[in-house]
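K.L.:
The structure is given below, and queries will be raised subsequently.
The values are calculated or read from the model by the stated rules, or taken from the named source; none is laboratory data. What you see is a predicted model, and the numbers here were worked out from it, not measured in a lab. Quick reminder, even Gly has a Cβ in these numbers, built from the backbone with ideal geometry, and neighbours come from all protein chains shown.
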Amino acid sequence: MARNNQLVSEERDYLVLDVKQAKQIAKDWLVELDLARVVKFGLPEVDDRYHYWRVPLCAKNGTAVGEVVIDAYSTEILASKTTKPNLLTARLLKQDESKVIQRRQDKREYQLSSLRNTVGLGDSAHLLDEMPAESVDLIFTSPPYYNARPEYSEYEEYDEYLFKMRQIIRRCHRVLMEGRFFVINVAPVLIRRASRNQSSRRIAVPFDFHRIFIEEGYDFIDDIIWEKPEGAGWATGRGRRFAADRNPLQYKAVPVTEYVLVYQKHTDLLIDWFIRNHPDRQIIEDSKIQDGYERTNVWKINPSTNSKHPAAFPKELAEKVIRYYSFKGDVVLDPFAGSGTVGRAASELGRRFVLFDNNPEYIDMIREEIVTWENVNVDNVMWLNCEPAQPIYKQINLFEGESNVYIPKKGNWCFLQMGRNLLSGSV
């Protein structure tokens, strides 16, 4: 009987169309490694979300030992996603895998990013595409809330919102250093009812984000609960009906928490490796956390109330995340920078920052405030698709003439008169 429906691989115009072809590509790879006679295949599957074929590898007794991942369009074996040959051999010979991993770790060199402080205006997906691979040490962000406020939404459908977030998370994976952390502040969203005849709807956004992170190559590390004061949740209106009537079935908890989810870019490097191999031992010492750190996964922090941004998170939250998940001198990226809270916190803690946002008004806020941030020389900040900030100048009397003096909060100062540098120093 003729087949009526096309295979997914045919619909996508893949070069690798079926199980037989996927197995043959995997077999050719095993032949090169001289492992073809000791490995058998599980059932290959096509992953059309990422256009991969996954070919499970098993020992002769049927025990899973790894997989070969093939680019369905090009037939290329993806080395970064395929089980490493030495690890595959160790599993087949029932050797200690940790020794294989340790040998690989010993050969690695610690990479320091050369990025400088950067502020970019535009779609974060496009700006991330222009960044060097593995050039960021920590990502901390709070993405736009889906339709939480009319002035803070650009997505008609929730699936459209998740698709856009996936594009950012995927591109962040490329620019994030192996084994380093992506920390995200996210919360369920309440969709208000359109009329009295309809119910409001609450969307469990963090759990959909979790699925995306795992599918994009991150490992789940921690779920931190950001707890706000009790009064903070009443602004949503949730729970007011029950408070008035006290009828069963009407109960709804007033939300006073948000999630701070911690993910790590997948690696076989241990955390100790980063501490042992950092080339500047003084930085490791200076980055140690002092007493008073958060011992549990419940952090009690007051929300930000004086920001011009409609959904700003507090600088204290950014400070804690940056201290706990980066070293001094590291590069911290926020792809949804808003008014620049992460940048300010990073600079004050001796880190560099990369801030992206697609709203010119928020970039203007950053441009206005950045001249007051500690440890920032505005002349050395890279500005993408936007005008740079200007140093602060004001008139003073110097000797017998009028002069300008450039006075940043910290850094170098310089007296100028009629275009000449008269005196300079530091504060």
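K.L.:
Working carefully through the options Glu294, Glu316, Glu285, find the one that is touching a helix residue (DSSP H, G or I) at 6+ places or on another chain (Cβ under 9 Å) and in a helix (DSSP H, G or I).
P.N.:
Glu316
K.L.:
Restricting attention to the stretch 1-21, and to residues there that are β-branched (Val, Ile, Thr) and assigned to a helix (DSSP H, G or I), which single residue is modelled with the highest pLDDT?
P.N.:
The extreme case among them is Val19.
K.L.:
Something else: Would you please list the contacts, defined by Cβ atoms under 6 Å and residues six or more apart or on different chains, that run from a residue in the stretch 53-67 that is assigned by TED's automatic domain parsing to the domain that holds Lys27 to a residue that is basic (Lys, Arg)?
P.N.:
Hits for this filter: Cys58/Lys40; Val65/Arg91; Glu67/Arg54.
K.L.:
On to the next question. Taking the stated definitions as given, is Pro279 assigned to a loop (DSSP other than H, G, I, E, B), out of contact with any strand residue (DSSP E or B) (no Cβ under 7 Å at 6 or more places or on another chain), assigned by TED's automatic domain parsing to the domain that holds Asp137 and closer than 27 Å to Tyr146 by Cβ?
P.N.:
The answer is no for Pro279.
K.L.:
Something else now. Return yes or no: is Glu348 charged (D, E, K, R), more than 29 Å from Arg166 (Cβ to Cβ) and touching a Ser or Thr at 6+ places or on another chain (Cβ under 9 Å)?
P.N.:
Considered against the rule, which asks whether it is charged (D, E, K, R), more than 29 Å from Arg166 (Cβ to Cβ) and touching a Ser or Thr at 6+ places or on another chain (Cβ under 9 Å), Glu348 comes out as no.
K.L.:
Do we have Asp268 as under 21 Å from the mean Cα position of the chain (by Cα) and modelled with pLDDT under 85 here?
P.N.:
yes
K.L.:
Any idea which of Pro391, Pro335 is closer than 16 Å to Leu121 by Cα and not polar (S, T, N, Q)?
P.N.:
Residue meeting the stated conditions: Pro335.
Conditions tested, residue by residue: (1) exposed (fewer than 12 other Cβ atoms within 10 Å of the Cβ); (2) in contact with a Lys or Arg (Cβ under 6 Å, 6 or more places away or on another chain).
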| position | (1), (2) |
| --- | --- |
| Lys252 | no, yes |
| Tyr259 | no, no |
| Tyr263 | no, no |
| His266 | no, no |
| Phe274 | no, no |
| Gly292 | yes, no |
| Thr296 | yes, no |
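K.L.:
Here is a follow-up. Step by step: first the residues of the stretch 22-57, then only those that are basic (Lys, Arg) and in a helix (DSSP H, G or I), then the one that is nearest to Leu7 (Cα to Cα). Which residue is that?
P.N.:
If we take residues in the stretch 22-57 being basic (Lys, Arg) and in a helix (DSSP H, G or I), then Lys23 is nearest to Leu7 (Cα to Cα).
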